[in-house]
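Heads up, the thing below is written out as structure tokens.
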Amino acid sequence: MTVGNMERAELFDAGSKGRGLRAAKELNTGEVIFSEPSFAAVVFDSLATQVCHSCFRHKANLHRCAQCKFAHYCDRTCQTACWNEHKQECGAIKKLGSAPSENIRLAARVLWRMHKDTGIASDSQLISVDQLQEHVADLAAEDFKQLRADVHKFLQYWSYGTRQHSVDYISHIFGIIKCNGFTLSDQRGLQAVGVGLFPNLCLVNHDCWPNCTVILNHGNQSAVSSALHSQRRIELRALGKIPEGEELTVSYVDFLNLSADRQKKLKERFHFDCTCEHCSKHIEDDLMTAGADSKPSADKVKEVTVFSKESLEKIEKSRVEGDYNEVLKLCYECLQKQENVLADTNLYKLRVLSIASEVLSYQRSFAKAADYAHRMVEGYRKLYHPNNAQLGMAIMRAGVTHWHAGQIEEGHSLICQAYRILMVTHGSNHAITKDLEGMRTQTELELKMFKQNKAAYQTMRDAALKH
């Protein structure tokens, strides 16, 4: 499928939600409905020297732009591919003496691109960038104050000959970015590394239980011939079979929050009231707040819930400070309190299990980490859509943890399950799926060895862990 092809989706009036996209034909599970290169995108300030400004891959020993000394690239190929995006920015950073914040850099890139392409970058773009939704009038006082400060700094940075814009128009562009900016992750999907604007994607409305998912494909610039290179782009993928005419939706927030909390986040960030079925009927809220099967009293559940909330705040503080022994101590205390009081689908228990598993893996206590990861994944399965990307990533991490713990049968099984999900959400060419495919092959070989001679497998594994 060519980048930007919109034959599978069409624009329509979605009633109270405004514009929307719907399926122009029946779509299959895992099908790429459309892919779209960014209209403009920037790397976060905090990662400017660690992430390529062209392909957004996390990489060591990046090459710095000799002119502005701010932008960094994998190599000359990535730098050349990005020159059209970086050219105006390069001059502006040199003129100012330093790079401004990511919001200001993105607003400038958007305006430079609009001057070049008048807001429409290709025939398949369904809407001009400056026609996208913004909610400047609805901003809270603190957010509006920040926007005004950004506009002031933008005017110092902006340079485009004699072409100037009013404060209101620049505010409008900042409003569009705030409302429509899409967070970009690195090639392993492990870290948010930047933000971009994708006009067609902005037309896809929200649902807490969506029928589509969005991933970033970092493209391929490794071929010798530039004609074979592919662009950095998002892909909208079907999570299941979608009939012709059905609205296409994605989730703007993680489903693992109570319906009221999701609604609050959506109202604060995107300025709309979510009335999707899962919010209206509070679907799965009961599981997310559930007490254990032993049926503890409501007062006991409330007491432990309050304790868990306070513990998670302390855990996060210790995590930020890098005191991982304290993190584990707090996790153990919290889990002990939660035992026989909160169900394994309770959000507070799942959050503690996730942190404990992650920190124990970091400390190479894989057997204990695997136990917590297993309990966490079992809870996630009861809450998430079966093809949710977050579920797939969690199962993958649990599989790797079991593998490292020497539990090869469970590890291989989990890795295979994760692979099936990520083939739907990411596709066969994504770096994460390729990593998983390698793990699946390796664990399959090790599983055969384990079944043939357990002692020999254990010796091989112990030797590998020493290295």
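The values are calculated or read from the model by the stated rules, or taken from the named source; none is laboratory data. The structure presented is a predicted model; accordingly, all values stated were derived computationally and were not measured. With ideal geometry, Cβ positions are generated from the backbone for all residues, glycine too; neighbour counts draw on all protein chains shown. With ligands, DNA and RNA removed, areas are computed over all heavy atoms of the protein, side chains included. Shrake-Rupley method; radii C 1.70, N 1.55, O 1.52, S 1.80 Å.
Tabulated results
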item: Lone qualifier among His282, His278, His229 - being at pLDDT 95 or above and farther than 23 Å from Cys202 by Cα; result: His282
item: Set Val352, Val341: member being closer than 21 Å to Gly291 by Cβ, buried (at least 23 other Cβ atoms within 10 Å of the Cβ) and either of a type in the set (Gly, Ala, Ser) or modelled with pLDDT of 95 or more (or both); result: Val352
item: Options Gln146, Gln133; residue that is closer than 14 Å to Asn103 by Cα and open to solvent by 50 Å² or more (accessible area, probe 1.4 Å); result: Gln146
item: Among (1) under 28 Å from the mean Cα position of the chain (by Cα); (2) open to solvent by 30 Å² or more (accessible area, probe 1.4 Å); (3) not aliphatic (A, V, I, L, M) - the single one Ser357 does not satisfy; result: (2)
item: Count - residues of the range 189-217 that are at pLDDT below 90, closer than 23 Å to Ser101 by Cα and touching an Asp or Glu at 6+ places or on another chain (Cβ under 9 Å); result: 2
item: Test result for Gly379, closer than 19 Å to Tyr348 by Cβ and open to solvent by less than 50 Å² (accessible area, probe 1.4 Å); result: yes
item: Selection from the range 409-467 of residues that are acidic (Asp, Glu), loosely packed, with under 15 Cβ neighbours inside 10 Å and more than 19 Å from Phe366 (Cα to Cα); result: Glu444
item: Residue list for the range 97-155, filter: of a type in the set (S, T, N, Q) and assigned to a helix (DSSP H, G or I); result: Asn103, Gln131, Gln146
item: Condition check for Ala40: surrounded by 15 or more Cβ atoms within 10 Å (Cβ to Cβ) and at pLDDT below 90; result: no
item: Matching helices (runs of 4 or more DSSP H) fully within the range 364-467 where at least 1 residues are at pLDDT 95 or above; result: 366-383, 389-404, 408-425, 431-452
item: Any chance Val151 is of a type in the set (Val, Ile, Thr) and farther than 30 Å from Leu11 by Cβ; result: yes
item: Helices (runs of 4 or more DSSP H) (entirely within the range 227-331) containing at least 2 residues that are of a type in the set (A, V, I, L, M, F, W, C) and more than 20 Å from Asn388 (Cα to Cα); result: 259-270, 298-320
item: Filter result (hydrophobic (A, V, I, L, M, F, W, C), open to solvent by 50 Å² or more (accessible area, probe 1.4 Å) and without any contact (Cβ under 8 Å) to a residue 24 or more places away in the chain) within the range 66-82; result: Ala66
item: Any chance Asp462 is among the charged types (D, E, K, R) and in contact (Cβ under 8 Å) with a residue 60 or more places away in the chain; result: no
item: Conditions (1) open to solvent by less than 50 Å² (accessible area, probe 1.4 Å); (2) part of a helix (DSSP H, G or I); (3) within 14 Å of Gly194 (Cβ to Cβ); number of the one not met by Ala92; result: (3)
